[in-house]
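Peer 1: First the structure, which I've put down as structure tokens, then a few questions once you've had a look.
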Amino acid sequence: MRLFVALALPGRVEERLGEAQSLLKRELSDADIRWQRLEQSHLTLRFLGEVEARALPACRLAVSEAARRSRPFTLSTAGFGAFPTPARPSVLWLGVGGDREELDHLQSLVTAGLEHVADASRTETFRPHLTLGRVKRMGQAARSAFADLLNAPPPAPVSWRVESVALLSSELRASGARYEELLSARLAAS
């Protein structure tokens, strides 16, 4: 099974992502971008990759324990960004602000609890973001337009309360990924 741990997003955040996508579609019209389906948007805390089914109970336990040791917090949307760099984007995203200390705490608990399951060679730094699209091709005009967007005032932030964390499976299909929630664990004080 292909697993990851994530935070669900409320409808108002999905709406803001849709507005951000619309702006990018207008400004980057000559780029070839596969846009994230809004109903599948989430904030990934840890991607586990392929995990054997027998490890699923341990994964559920680790996510539940991380939730038990965390308290609810508030996040907000922030400005545009890109991976690996804005000059050479392959993933376009909207940033995440708000109570980053609590978010980082939850993410580190999840990571530590799943280190026996997750690929130990994956040591990337946690950079919270909300994926908007994946770039297939972007010409110079679109790169310039994107640079202008990065330097412009960010879209007005939308805040939301985080009260649970989820363990999800992802099945890759020709039509896109299909997600299934395997566990939703409420944060301790919620």
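Peer 1: Filter segment 1-23 for residues that are within 29 Å of S169 (Cβ to Cβ) and of a type in the set (A, V, I, L, M) and give the result.
Peer 2: Answer for segment 1-23, where residues must be within 29 Å of S169 (Cβ to Cβ) and of a type in the set (A, V, I, L, M): M1, L3, V5, A6, L7, A8, L9, V13, L17, A20.
Peer 1: Given (1) out of contact with any strand residue (DSSP E or B) (no Cβ under 7 Å at 6 or more places or on another chain); (2) farther than 24 Å from V158 by Cα; (3) in a helix (DSSP H, G or I); (4) open to solvent by 40 Å² or more (accessible area, probe 1.4 Å), where does H105 come up short, assuming only one miss?
Peer 2: The failed condition is (2).
Peer 1: Tally time: how many residues in segment 162-176 are in contact with a strand residue (DSSP E or B) (Cβ under 8 Å, 6 or more places away or on another chain) and more than 25 Å from L61 (Cβ to Cβ)?
Peer 2: Number of matching residues: 1.
Peer 1: Taking segment 122-156, which residues are open to solvent by 90 Å² or more (accessible area, probe 1.4 Å) and either under 20 Å from the mean Cα position of the chain (by Cα) or among the acidic types (D, E) (or both)? Give the derivation first.
Peer 2: Step one: of segment 122-156, the residues open to solvent by 90 Å² or more (accessible area, probe 1.4 Å) are 123-125, 127, 134, 136-137, 140, 148, 151, 153.
Result: T123, E124, T125, R127, R134, K136, D148.
Peer 1: In segment 57-90, how many are of a type in the set (F, W, Y) and in contact with a Ser or Thr (Cβ under 9 Å, 6 or more places away or on another chain)? Let's see the steps before the verdict.
Peer 2: As a first pass, look at segment 57-90 and keep what is of a type in the set (F, W, Y): 73, 80, 83.
From what is left, the residues that are in contact with a Ser or Thr (Cβ under 9 Å, 6 or more places away or on another chain) are 83.
So the count comes out to 1.
Peer 1: For segment 36-71, give me each residue that is outside any helix (DSSP H, G or I) and surrounded by 16 or more Cβ atoms within 10 Å (Cβ to Cβ).
Peer 2: Correct list: Q36, S41, H42, L43, T44, L45, R46, L48, V51, S70.
Peer 1: What are the residue pairs meeting all of these: first residue in segment 138-151, first residue part of a helix (DSSP H, G or I), second residue β-branched (V, I, T), Cβ atoms under 9 Å, and 6 or more apart or on different chains?
Peer 2: Partner pairs satisfying both residue conditions: A142/I33; A142/V135.
Peer 1: Also: Consider D30 against the criteria (1) under 30 Å from N151 (Cβ atoms); (2) open to solvent by 20 Å² or more (accessible area, probe 1.4 Å); (3) in a strand (DSSP E or B): it satisfies all of them except one. Which criterion is unmet?
Peer 2: For D30, the failing item is (3).
Peer 1: Just to verify a result, which residue in segment 168-181, among those that are surrounded by 16 or more Cβ atoms within 10 Å (Cβ to Cβ) and over 19 Å from P10 (Cβ atoms), is modelled with the lowest pLDDT?
Peer 2: Taking the candidates together, the pick is S170.
Peer 1: Looking at segment 1-17, which of its residues are over 14 Å from the mean Cα position of the chain (by Cα) and surrounded by 14 or more Cβ atoms within 10 Å (Cβ to Cβ)?
Peer 2: Listed by number, the residues that qualify are M1, R2, R16.
Peer 1: Determine which member of the set L168, L183 is among the hydrophobic types (A, V, I, L, M, F, W, C) and within 16 Å of the chain's Cα centre (by Cα).
Peer 2: L168
Peer 1: Those residues that are of a type in the set (A, V, I, L, M) and touching a residue at least 40 places away in the same chain (Cβ under 8 Å), I need them from segment 157-179; list them, please.
Peer 2: Pass one, segment 157-179, residues of a type in the set (A, V, I, L, M): 158, 162, 165-168, 172, 174, 177.
Result: V158, V162, V165, A166, L167, L168, L172, A177.
Here is a yes/no grid of residues against (1) touching a strand residue (DSSP E or B) at 6+ places or on another chain (Cβ under 6 Å); (2) of a type in the set (G, A, S); (3) at pLDDT 95 or above:
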residue	(1), (2), (3)
V5	yes, no, yes
P10	yes, no, yes
Q36	yes, no, no
T44	yes, no, yes
A53	no, yes, no
V63	yes, no, yes
S70	no, yes, yes
T74	yes, no, yes
G79	yes, yes, no
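The values are calculated or read from the model by the stated rules, or taken from the named source; none is laboratory data. Given the structure is predicted, the values throughout are model-derived calculations rather than measurements. Backbone-built Cβ (ideal geometry, glycine too); neighbour counts: all protein chains shown. To get the accessible areas, we keep the full protein, side chains included, count just its heavy atoms, and leave off ligands, DNA and RNA. Shrake-Rupley method; radii C 1.70, N 1.55, O 1.52, S 1.80 Å.
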